[in-house]
Every structure is written in structure tokens, then in C-alpha cells.
Amino acid sequence: MPFTLLLSSPDLTLANAGGKGTNLSALIRGGFHVPGGFVVTTAGCALIICLPLRMRLSRPRIQEFLQEWLGIALSVGCINQCIREGGRAAAPLEPV
């Protein structure tokens, strides 16, 4: 599974790109003007989340690793967002 997909990719699904990416992709296919871009797939987010935990990499080192080894240029802000969203998804639910 790829770590990133273009918004215009026919392979982009809810399972591999989440709701925002899927909705933007549907708008593009529907003929609406959406600025070009890409999404970090669920596999890409899983990799980004494991790097600081398993390999003890800082955000800038994660950025360097992704660029040098995988050819993926992401900002530190994008990396932080993946880690935050992954943490929210794994956090236990608070009782109501």
C-alpha cells in the first residue's frame, strides 16, 4: 500500500485515506474545482506514528527519513498532525 496518494487517484478510498481525503476526491471526480494535492494514507500515518515510538526519532529526523528513504517530502506540521490524529484514535474513550 502506498504511503501517499494524489487526491485525483482512483485508488483513494475511505479505508486508505479517511473521510476528508475521500470527500475531496469525490468532489474532483464530480467536476468541482479542488486545488491539487495528496493525502497521507493510513499506512503512511501508521509508519509516521511508529517512528518516534520504535526508533525514537524526533520530528525533523522523521522528516529526513521520509525524504531520504521514501522520497516523501512532508512538513513537520503534517508529521505532527499524523501523530496527533493517531493518538486520538488510540486514546481510550472518556466515560459519559
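Derivation of every value follows stated rules applied to the coordinates shown; laboratory data play no part. Keep in mind that what you see is a predicted model, and the values were worked out from it rather than measured. In this analysis, Cβ positions are derived from the backbone assuming ideal geometry, glycine residues included, and neighbour counts consider all displayed protein chains.
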Rank these for me by crowding, 78, 50, 45, going from fewest to most other beta carbons within 10 Å.
-> 50, 78, 45
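Report the percentage of all Cα-Cα pairs in the chain whose separation exceeds 19 Å, rounded to a whole percent.
45
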Name the trypsin sites (Lys or Arg not before Pro) in segment 10-70 that are in a loop by DSSP and that have at most 16 other C-beta atoms within 10 Å, would you?
-> 56
If unit charges are put on Cβ atoms (+1 for Lys and Arg, -1 for Asp and Glu) and the dipole of the chain is taken about its Cα centre, the option from 13, 73, 60 lying farthest towards the positive end turns out to be 60
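State the extension gain, in nm to one decimal, for the chain segment bounded by residue 75 and residue 32, taking 0.36 nm per residue of separation less the distance between their alpha-carbons. Working shown, then result.
Values: separation 43, 0.36 × 43 = 15.48 nm, distance 2.70 nm.
That works out to 12.8 nm of additional length.
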With residue 51 itself left out, Lys, Arg at +1 and Asp, Glu at -1 over residues whose Cβ is under 10 Å from its Cβ give +4
Residues with amide H under 5 Å of residue 34's amide H, sequence separation 5 or more or different chain, H placed in the peptide plane at 1.01 Å from N; which?
-> none
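Mind sorting 38, 32 by how few other Cβ atoms lie within 10 Å of their own Cβ, fewest first?
On the way: 38 19, 32 9.
Sorted ascending by nearby Cβ count, the order is 32, 38.
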